[in-house]
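Structure first, then comments.
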Ligand SMILES: [Zn+2]
């Protein structure tokens, strides 16, 4: 999800890491130290290669739900039967469920620990609206029945978590069936910073509903963490168990419903014409309207007192959400997957207020995501993919269905004519958010990562894939997220923490969980591993963990295991520290091989000596024709005045001849090696060790791209020298010529140094306040006013 609402408290803790191995002499920093000491020990559930082990297990939870949406009361009333299948080797005595709606209660941890960050003088209207709504109404789940086989169950509620005590211990392999009835007030999505809810439309008085995190659902129980039941504070999303869903949704009779799963009773809820249009859409070459714009406008004019029940089934999903409104325009398009030839229905639901924009881009962006993500990871595993213009500002994902923002701007001209426009930001914002949220159906809805703990595993990996899809949409797509430059302000700021930080403690959720890992993975692909090795390893990670639950170590280990590239330094630097990239070219030394021949070397040394001895005083004396003593008494001149230290002596010649005699032919040959030697010295200012990417320009005008692996830093992470042996002279060297390293300071990236080009803007100094004039001008205006 990419919704940034109210910022919650962020506690920074310095991790107390094992210090068993320490550098206690000198200042050597081992940036290549292997990560094992920080990773969980491999076992039968998760192997050292990063793959699921032979005894890997996960729980299964199946739901049968009946739910009714009351649009007048804006409430949800539901009844569910849950079958919990214990596939773990452990006997369980209680179950934990998530009650996500409870986070809107004024007694919730989320609300009570909300920190205003010194905002006492200024507050956003939207923040006060959230505070006011929370105080004004009762929010959260109202549970009316918690039973198993007709008998009440003991349970306890702790904020957004609920423990159900099992009547008898649940053995490995056994299952437990129980029922919960509930209701709750639906929050207004934008006002409450919710991931679902309703959005009211003033013009016609109708709502758009996106109903999410709406039923009591089982928390995850895993081999690595036990129960995953950290409280829901609003930021760290969730992880759940896979299972099968059978859901009957009762809504006003004129509503259109989009949902996780496949519709079971089209005949009861869709007209013959709508069913025909859907059929046509399966094989059409572009999206087809199932409900047209005109029909939607007609539909929203009058309400309905009847109800209809839409029946959906979804297999092997880890959650369930749905959307409902009488305002919906509906377009659909069958997208054929290249490997299996299976057809996925890409569909969008949006009100008139989202046109013209959504009708052009939403379903196309879904199809584009299915096309690109399926190539980089695995084929889209579900039958449908929805993009709904929902009641939240950014976007939010659930299996097969996503809620996305970005409406058009509707204004009125002076003569009352309506104008509909959208900004560049809105256009690309919509395409990007659809790619992003549909992308989440792969990660984490299929590769079941845990955002309550590790936001980067779905937001970062998904933002990375999003950047690949965006680059395939059009050239120079304004993809803000994966550009290396975008992450530099965050990576150089003191207000940050490592990517490996639990979700709710992250400082700067956007740059930390989305941008930095997306940039890191792009660097891994383009600069460190190369596309071929990276893509193979990433496919392997996706394949291994599809419909399973990986943790960070499983990703780190798989990427190495499948590529034969030691990446511990990369994970360590980018994911475990707050170092940034700033590599400087400190200097270049140009050298040639010393021949040892006095006839060659002595004149070179003489020239060097003369250069070094150049001195302004001597120069001015010579210019002014100063008379020296030896000019007045020439007999003071002797041998040393006629011969400098660089004359070639017989002794030197003999020494050279005897040195040659002691050399083998191939050694003698090397003394004549005529190449130019360039020692380029680099300094690591930012802390992150990185590959060196150089554009070398030669005196003859030609260019060479030089790439040096990060391992050059393995013995000295602060300064290194790279030797280039070339048979032509170098004119200039530029570090990171294609902006791939996220280097924070480019002023030190060139030899010889280059000026930074800029434009200086002229401005006038502001005059100070003239109260007398202000009053006079004001009264002059007031005089005029009555005219
Ligand atoms: Zn996301």
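Full extension of the segment from residue 168 to residue 697, taken as 0.36 nm per residue of separation minus the current Cα-Cα distance, would add 182.8 nm. In terms of the mean number of neighbouring beta-carbon atoms within 10 Å, the peptides 279-290, 368-379 order highest first as 368-379, 279-290. Counted by neighbouring Cβ atoms within 10 Å, the residues 532, 248 run from fewest to most as 532, 248. Where does helix 272-283 land angle-wise versus the long Cα axis of the chain, in degrees 0 to 90, nearest 10? Approximately 20 degrees, to the nearest ten.
Relative to the dominant Cα principal axis of the chain, helix 125-136 is inclined by about 40°. Each peptide in 164-171, 345-352 gets a packing score, the mean of other Cβ atoms within 10 Å over its residues, and the list from highest to lowest is 345-352, 164-171. Between residue 650 and residue 590, the contour length at 0.36 nm per residue exceeds the alpha carbon distance by 18.6 nm. When every Cα-Cα distance of region 185-303 is counted in 5 angstrom steps from zero, the calculated P(r) takes the values 2, 8, 13, 16, 16, 16, 12, 9, 5, 3, 1 percent. Here is how the number arises for the chain: DSSP H runs of 4 or more residues each give -39500 (n - 2.57), the sum is divided by the residue count, and the result at 222 nm is -7500 deg cm²/dmol. Dividing the C-alpha radius of gyration of the chain by 2.2 N^0.38 Å, with N its residue count, gives 1.26. Packing, as the average of other Cβ atoms within 10 Å across residues, places the peptides 409-417, 467-475 in the order 467-475, 409-417, highest first. Rounded to the nearest 10 degrees, the angle from helix 424-439 to the longest Cα principal axis of the chain is 70 degrees. Footprinting exposure proxy ranking of 384, 600, fewest other C-beta atoms within 10 angstrom first, gives 600, 384.
Bear in mind that the values in this text are calculations on the coordinates, not laboratory data. All figures in this text were calculated on a predicted structure; none of them were measured in a lab. Methodologically, a virtual Cβ is constructed for each residue, glycine included, from the backbone with ideal geometry; neighbour enumeration extends over all protein chains shown.
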